[in-house]
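Dropping the structure in here first, questions after.
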Amino acid sequence: MRARLAARSTDRAVFGHRRVTVNFEPGEISREEAAAFAALAARGVRELERLAGLSGRAPLRFELRGATLISYARGRTIRLPVHRVLARTAPYLHEIAHVLLPCSRAPAWFSEGLAGYLESAISERGAGYDSHLFTPAGNSGVHADAAHWLADPRGASVIPFVGTRGTPRGILADRQNVAAPFYVLSHSLVKFMADQSGLPPLVRLSRARSFPAAARRLTGKAVSAWRAEWLDALRRPAAPLSPPAGGTPGAGTAR
Ligand SMILES: [Zn+2]
């Protein structure tokens, strides 16, 4: 699809697309770069819907901002740091996953793990790029990254929140030592579940009103059982969950 300039003011511009609008500040990113991002984001929306078996029509709004440090999604609006968009390190696929699969009643580990898993899955299909914000090797290396974190005191301090409920203290303030292990371990657990149960039950689980009961019904196992099996597999170096990626904890977090 071709992006077109839908509106422009002296300091803001918006590219209109059938499924996305991109709001940007022309002093920070060129029209061509914003249009290219609009096309990339629209493709990401289509691919994520295809992968998750969703159908949607409502547009997503992207705001590219120089002053923003942390990417986030609220409702159907996604705000991204413009420098990450220019460097192709923006977690736009992760945030699209949050918008399309809001996980409003699911615990944080599931919401973040599913977004990370889908970001990697779509980029591995060649339909966009992986920000590699916390997982330097994406889905193929996330278990190796998780095993590194599990052996690290920073991983040990967030593991009580993975496969349970809540978020570790400092997750917003300390991206490198708290958010990084929490995101990697959550992503690894979701991939472990997706590899065994398939993605469709996890998509349904993301919309469930009662997460623990729905997890048992949709995946055939209680979350506590998934968690125990996953931890056991991560701690058994003789039976690796996937080929080691060669990454070290925190390797992808300094950008
Ligand atoms: Zn997220």
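Name the helices (runs of 4 or more DSSP H) wholly within the stretch 161-242 that hold at least 3 residues that are touching a residue at least 40 places away in the same chain (Cβ under 8 Å)?
It comes to 180-197, 199-206, 223-234.
Restricted to the stretch 86-99, and to residues that are surrounded by fewer than 22 Cβ atoms within 10 Å (Cβ to Cβ) and not charged (D, E, K, R), which residue is nearest to the ligand (Cβ to nearest atom)?
Checked the stretch 86-99; the qualifying residue nearest to the ligand (Cβ to nearest atom) is His98.
Another question, then. Pairs needed: first member in the stretch 128-152, modelled with pLDDT of 95 or more; second member anywhere, aromatic (Phe, Trp, Tyr); C-beta distance under 7 Å; at least 6 residues apart or different chains.
Within 7 Å, the pairs are Asn139/Tyr117.
Additional query: Taking strands (runs of 3 or more DSSP E) that fall entirely within the stretch 50-95, which contain at least 2 residues that are over 16 Å from the mean Cα position of the chain (by Cα)?
Details: elements: 60-65, 72-74, 77-81.
Counting at least 2 such residues, we get 60-65.
Which of the residues spanning the stretch 66-82 are under 21 Å from Ala35 (Cα atoms) and surrounded by fewer than 17 Cβ atoms within 10 Å (Cβ to Cβ)?
Gly66, Ala67, Thr68, Tyr72, Arg76, Thr77
For the stretch 100-129, give me each residue that is more than 15 Å from the ligand (Cβ to nearest atom), assigned to a helix (DSSP H, G or I) and among the charged types (D, E, K, R).
Correct list: Glu124 only.
Only one residue in Ala35, Ala67 is more than 30 Å from Pro160 (Cβ to Cβ), away from the ligand (no atom under 16 Å from the Cβ) and without any contact (Cβ under 8 Å) to a residue 12 or more places away in the chain. Which one?
Result of the check over Ala35, Ala67: Ala67.
The values are calculated or read from the model by the stated rules, or taken from the named source; none is laboratory data. These numbers were taken from a predicted model, which means no experiment stands behind them. Because the Cβ atoms are built from the backbone with ideal geometry, glycine has one as well, and the counts that use them run over all protein chains shown.
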